[in-house]
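A short write-up of the structure that comes next.
The values are calculated or read from the model by the stated rules, or taken from the named source; none is laboratory data. All figures in this text were calculated on a predicted structure; none of them were measured in a lab. We place every Cβ from the backbone using ideal geometry, glycine too, and count neighbours over all the protein chains shown.
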Amino acid sequence: MNNLQSGQLCLTGRFTSAVDYGRHLHIERRKGTDIPYMAHLLGVASLVMGEAGHAGVPVTEDMVIAALLHDAVEDHGGWPRLEDIKQNFGPNVARMVEGLTDSFSGDSGDKEPWEQRKEAYIERLREEPADVKLISVADKLYNARAILEDYREIGPEIWKRFKRARKDQLWYFNALVEVFKASGGGRIVDELERVIAELTQVSAGESQ
């Protein structure tokens, strides 16, 4: 169900249903802000759509839906949530959401240690297909841009929002960039690398 006509991305009622699904599920705010979490999900979906005709893989409606739902499993229900997504949006969307998930615990407060989850995700991502990698790049680009924007405003205080501080966050971003570049890169990967380099530079005076 690629929803491609003449090579173009076409959105249907399934996209609208996915927005509504995410809206009911993600009522939280972004860490340390008053920004609705849906801003992140819609932002990632927008970045994925923006790669239509530019990525090394055709951008499909299933990919856009998976982008909207990429945090649903790790933040709202684990494996049962993945099964619900499969029932509502099909096995292809569920496959991508699974590939984008770093914890399948039913309790979002009972996840594996941060380092363990991130290292495992990096290794799994190496073997994921191009559609999953593209959504992952979009997710990390949105996050990196948000951190950079807020860093300009509040400085090192930004790191207090996360489980790990500057050193570990930059390690994770850079490790992911290596995976994305090894898979062929592309303009969105180049942009992620540029944002991370700028974030590294503006925060270089910190001790960690």
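Here are a few things to note about the model shown:
- Matching residues in region 1-29 - criterion: being modelled with pLDDT under 85 and either part of a helix (DSSP H, G or I) or surrounded by fewer than 10 Cβ atoms within 10 Å (Cβ to Cβ) (or both): Gln5, Ser6, Gly7
- So Asn88, is it more than 16 Å from the chain's Cα centre (by Cα), part of a helix (DSSP H, G or I), touching a residue at least 40 places away in the same chain (Cβ under 8 Å) and surrounded by fewer than 16 Cβ atoms within 10 Å (Cβ to Cβ): yes
- Screening Glu128, Glu61 for residues that are of a type in the set (D, E, K, R) and under 29 Å from Leu170 (Cα atoms) leaves exactly one candidate, Glu128.
- Condition met for Leu82 (touching a Lys or Arg at 6+ places or on another chain (Cβ under 8 Å), assigned to a helix (DSSP H, G or I) and free of Cβ contacts under 8 Å to residues at least 60 places away in the same chain): no
- Checking the stated criteria, Glu74 turns out not to satisfy the condition of being part of a loop (DSSP other than H, G, I, E, B), acidic (Asp, Glu), at pLDDT below 95 and closer than 30 Å to Glu193 by Cβ.
- Residue ID - surrounded by the most Cβ atoms within 10 Å (Cβ to Cβ), chosen from residues in region 104-127 that are of a type in the set (Asp, Glu) and closer than 15 Å to Val73 by Cβ: Glu112
- Any pair with Cβ under 6 angstrom, 6 or more apart, that starts in region 113-140 at a residue that is over 18 Å from Phe162 (Cβ atoms) and among the small types (Gly, Ala, Ser) and ends at one that is at pLDDT 95 or above and not in a loop (DSSP other than H, G, I, E, B): Ala138/Val44; Ala138/Leu47; Ala138/Val48
- Cβ pairs under 9 Å, 6+ apart, first in region 17-42 and under 19 Å from Leu141 (Cα atoms), second of a type in the set (Phe, Trp, Tyr) and in a loop (DSSP other than H, G, I, E, B): Lys31/Phe162; Gly32/Phe162
- Residue in region 160-184 that is modelled with the highest pLDDT, counting only those that are surrounded by fewer than 20 Cβ atoms within 10 Å (Cβ to Cβ) and over 28 Å from Pro129 (Cβ atoms): Lys167
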